[in-house]
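First the structure, in the form of structure tokens, and then the observations on it.
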């Protein structure tokens, strides 16, 4: 293999192999390993500024210095001190970090070193979604078959002898519009069953084409029917109701029901004018009384007054419990009587008022030396009041309790 002719000229970059395979080509591809090694050596020579007088020994010394186990002075790598004596962790590299990095580290969702590829003629680098014409958006690709004209049949066909290619609706005579087709069967009269012979119902022909009337059913007829259909107002066989024959032709009377009878019935039907068990009638209220009644005669009750004035009542001296200008209400269930007498003192007076009505009054003077009482009756629930200034001798009430 002939040697390449060299020139003393510094190349700013080393050409790298490009292939469709990202493993072989690209900056870190296998095909570019020798080229990268040559580039690294050249960069090392440049950085160490070896002149023409440099020897292999000095180069070897520099190489050893490069391979030292520990740096004489620690350096920061990614902000972390490193002298070569131990491994270090770099935030954002092998552990979480929040570094602001250049390049595409922030967008590592797609491959920066892999050339973008086309999918269906559309460039795709995994950075964003893409749309494919003819797949998820409308396209005009020249495809095999008739996919572009799928709304139309490739070859028209006939339906009911009418051409149809899918581009438009068609009408079929005899189906959705009038026609004069000569069809087998009874398509023209499909409202009734052509294959089923007409039948008679009640002697009337019926083929389901039209309604029919049946004499003796929904219209008048004179059919000779068995049974007693024409005499339905009368029972075929008479029956007895309460011992009386009944065939439905006339009304009947039932003794003991709507006419007099002497039937021997159970219970006390024959003596229904008298109660089987006598009952006591008791009166309560202002009068009391009672009697027994069985319906055999009138009930006569002897009564006595209970809540009348003077009945079961006694006079009571209530002088100590009564006074002038005070309203008293009769809270009993019977009327009460009030009687008030006075001491004689000149120029005094007294008046008795029941429910706002003046019942009596007394006035004294030098010439009048008689004692005049005042008397009144107070019904249940009514009130009375004594007004005046004449001294009371006795204030009495006729009442119960």
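The values are calculated or read from the model by the stated rules, or taken from the named source; none is laboratory data. Computed from a prediction, not measured in an experiment: that's the story for all the values here. When we count neighbours, we look across all protein chains shown, and the Cβ atoms used for this are built from the backbone with ideal geometry, even at glycine.
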Quiz item: Limited to region 269-281, what total is found for residues that are outside any helix (DSSP H, G or I) and either modelled with pLDDT under 85 or surrounded by 10 or more Cβ atoms within 10 Å (Cβ to Cβ) (or both)?
Solution: 8
Self-check item: The listed residue being surrounded by 13 or more Cβ atoms within 10 Å (Cβ to Cβ), over 17 Å from residue 317 (Cβ atoms) and modelled with pLDDT under 90, out of 363, 330
Solution: 363
Quiz prompt | Residue tally, condition in contact with a strand residue (DSSP E or B) (Cβ under 7 Å, 6 or more places away or on another chain) and modelled with pLDDT of 85 or more, over region 162-199 | solution = 5
Exercise. Please enumerate the residues belonging to region 153-181 that are touching a residue at least 12 places away in the same chain (Cβ under 8 Å) and not in a loop (DSSP other than H, G, I, E, B).
Key: 159, 173
Exercise. Could you tell me which residue of region 86-106 is nearest to the chain's Cα centre (by Cα), considering only residues that are exposed (fewer than 10 other Cβ atoms within 10 Å of the Cβ) and modelled with pLDDT of 80 or more?
Key: 96
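Yes or no, residue by residue, for (1) assigned by TED's automatic domain parsing to the domain that holds residue 334; (2) over 30 Å from residue 333 (Cβ atoms); (3) touching a helix residue (DSSP H, G or I) at 6+ places or on another chain (Cβ under 7 Å); (4) modelled with pLDDT of 85 or more:
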| site | (1), (2), (3), (4) |
| --- | --- |
| 249 | no, yes, no, yes |
| 262 | no, yes, no, no |
| 267 | no, yes, no, no |
| 288 | no, no, no, no |
Quiz item: Could you say which residue among 118, 127 is under 27 Å from residue 28 (Cβ atoms), in a loop (DSSP other than H, G, I, E, B) and either in contact with a helix residue (DSSP H, G or I) (Cβ under 8 Å, 6 or more places away or on another chain) or at pLDDT 65 or above (or both)?
Solution: 127
